[in-house]
Amino acid sequence: MNRRETLKILCGAVASLPLTKLSRLEGSAQSRPTPVNAPNIIFILTDDQQQKAMSAYGNTILKTPNIDRIGADGIRFTEMFVTNSLCAPSRASFLTGLYSHTHRVTTNGAADSIFRNQPGLKEDQETFVSLLRRAGYHTVLIGKWHLHTQPTGFDKWIVFPGGGGPYMDPVMTANGMPVKFRGHADDVCGDQAIAFLSERPKDRPFCLLYNFKSPHRNWVPAARFEKVFEDVEIPIPPAFNDNFAGRPEALRITEMAVADMPDFEKRGLPPSLPREERKRQNFQLMAKNYYRTLLSVDENVGRVLDYLDKNGLAKDTVVVFSSDNGFFLGEHGLFDKRLMYEASIRVPLVVRFPARIKPGQVNSLQMILNIDFAPTFLELAGVTVPGWMQGHSFVPLLEGRETPWREAFLYEYYEYPAEHCARKNRGVRTARWKLIQFWEQPEEWELYDLHSDPNETKNLYAQREQIGRVRELKAKLAELRRETGDVDPPAPVPAAGPCHEKQQ
Ligand SMILES: [Ca+2]
């Protein structure tokens, strides 16, 4: 049975599955109002896509014409950041408009016990999706979820297992029922999105969360893209040979070095291969496969955009594209994310909504955060933004209007000790400066001037002439924490395992 035939059967199966255990906060479909003049919303989220992995942001190797098209038809933001560069915490922030320390999804899983006994989003946590649903939207989730608890606030959901599952032939969970698919995860996502759009109830607006697995590790491309870039040498990124001189010990204990990455260990490289050569080869393979997985994302984004065009939906549908966190694609000699450096926290953001947003705009001024999306979606839908949300609607910026905006933001990261051994860190970023604190003992600090040192290799923290600036940024960090109710978590249990031993 080929993919199309399988899809035909599965679409019927999924459509007839019973809804299970939706939040008690949600009204039944019959009791909900029917919104008038409310736009459809499609929120496309990739997994671990750094901002430069998109041709609209200047990548000359990887071509993403369909994703680029969203920004060309609307607006592209260059200063888009996540407040915790890790899958589950960031996804919870996109949904709730809250910082990790507020929604309490601080890590991807086990280490979540800093704040709670149970990992994942609280079952009674309201999200922009549950609020839209209550306002009458038909709400659907397709693809990656990763929040442990069962999705709530959706009329229909079909999700990959755990953090994303395998790339090929995924077994997904559709409204509580397992469903086996054939083919590449990105194509399955695309098929399900098209099936949903075709079969959706036409009497009310919809909100579709279209969450790709790509380009997350372990980067298995769709078969048709396996050979792309085969004869290309990917240029090495800035600070590829960063030696961390003058920088925290916390960087040296991380297990994120491209030279040592485990993904390609079965390639039969001789143990005697010089480390530099292993690093070079690993980088080429990682970057190529990472880019190849984004080709299937781009294609499946294009399918949905084409569907909107062909069915007269484009004008009144908001399409937003972003990623849950960035990724070190060799910057600082690293892979993965977690740290507060630019490649890790900076992600793409393109938005299209022809009815209200002029095409061809680029915003390079205001810093947009993952916590801003929930209030933005609600405002676009004409739904009141609850006062408890910590982000701000950027609708005025979409429409090119002037509005007061933040000049600094708070970053936080908690998953330690854990895989990759990245210590807990927080910091403050302004348009020009970045102060980073590894707050547990031994406490370590970094300060970067992003204007003169955009690649973040010169730690200015200990320089005498920066004393005043450090004082100012520490005060800002304390202020942002206070404003968002970030109190010091309980003293951590004594660290154990390899991360701790390396730190001694
Ligand atoms: Ca991610």
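Bridges between two residues of the chain, per DSSP, are antiparallel at a rate of about 55%. With the cut-off at under 17 Å, measuring from each backbone N in segment 332-369 to a point 7 Å along the Cα-to-Cβ line of ASP316 picks out 353-357.
Which FRET efficiency, nearest 0.05, do ARG482 and VAL362 yield, Cβ-Cβ r, R0 30 Å? Efficiency, rounded to the nearest 0.05: 0.30. Potential lengthening of the chain between LYS227 and SER198 amounts to 7.1 nm, from the contour at 0.36 nm per residue minus the alpha-carbon distance.
Rounded to the nearest 0.05, the FRET efficiency derived from the C-beta distance between ASP309 and ASP124 at R0 = 25 Å is 0.05.
Near GLU299: Cβ cut-off under 10 Å, other residues only, Lys/Arg at +1 and Asp/Glu at -1. The net charge is -1. In this structure, the amide hydrogen of ILE42, modeled 1.01 Å from its nitrogen in the peptide plane, lies closer than 5 angstrom to those of LEU208, VAL318, VAL319, VAL320, counting only residues at least 5 positions away or on a different chain.
Go through 88-96, 76-84 and give me the packing order, highest mean Cβ count within 10 Å leading. Write out the running numbers ahead of the final one.
Working: 88-96: 27.2, 76-84: 23.7.
Top of the packing list down: 88-96, 76-84.
Please give the contour-minus-distance gain from LYS474 to PHE244: 0.36 nm per residue of separation, less the Cα-Cα distance, rounded to one decimal in nm. Each step should come with its number before you reach the end.
On the way: separation 230, 0.36 × 230 = 82.80 nm, distance 2.29 nm.
Gain on extension, LYS474 to PHE244, equals 80.5 nm.
Each Lys or Arg adds one and each Asp or Glu takes one away; over the other residues whose Cβ falls under 10 Å from the Cβ of ARG247, this sums to -3. Length available on full extension from ALA462 to GLU419: 0.36 nm per residue minus the Cα-Cα distance, which gives 12.5 nm. Here the simple spin-label model places points 7 Å from the Cα toward Cβ, and for ARG252 and ARG432 these points are separated by 3.3 nm. Per residue, the chain exposes 39 Å² of accessible surface when a 1.4 Å probe is rolled over the protein heavy atoms with every protein chain present.
Please report, as a whole percent, how much of the solvent-accessible surface of the chain comes from carbon and sulfur atoms (probe radius 1.4 Å). Kindly include the intermediate steps, with their values, before the conclusion.
Working: 10430 of 19780 Å².
In the chain, the share of accessible area belonging to carbon and sulfur is 53 percent.
Helix 275-310 and the long axis of the chain differ in direction by around 20°, with both axes built from C-alpha atoms. For the cross-link pairs LYS156/LYS227; LYS202/LYS227; LYS227/LYS434; LYS144/LYS310; LYS202/LYS337; LYS337/LYS358, which exceed 32 Å when the distance is taken from alpha carbon to alpha carbon? Going by Cα-Cα distance, LYS156/LYS227; LYS202/LYS227; LYS227/LYS434; LYS202/LYS337; LYS337/LYS358 fall outside the 32 Å limit. Net charge dipole, the chain: roughly 800 debye, given to the nearest 20, about the Cα centre with Cβ charges of +1 for Lys and Arg and -1 for Asp and Glu.
For the chain, adding -39500 (n - 2.57) for each run of n ≥ 4 DSSP H residues and dividing by the number of residues yields -8000 deg cm²/dmol at 222 nm. Here segment 275-291 is scanned for amide nitrogen atoms under 17 Å from the site 7 Å beyond the Cα of ASP263 along Cα-to-Cβ, giving 278-291.
Can you work out the FRET efficiency for the pair GLN284 and SER31, with r the C-beta to C-beta distance and R0 = 56 Å, to the nearest 0.05?
On the way: r = 57 Å, r/R0 = 1.01.
Given R0 = 56 Å and the Cβ-Cβ separation, E is 0.50.
The values are calculated or read from the model by the stated rules, or taken from the named source; none is laboratory data. Please read all numbers here as calculations on a predicted model, not as lab measurements. Cβ sites come from the backbone with ideal geometry, for glycine too, and all protein chains shown count toward neighbours. Each accessible area value is taken on the protein alone, full model and side chains, heavy atoms only, with ligands, DNA and RNA left out. Shrake-Rupley method; radii C 1.70, N 1.55, O 1.52, S 1.80 Å.
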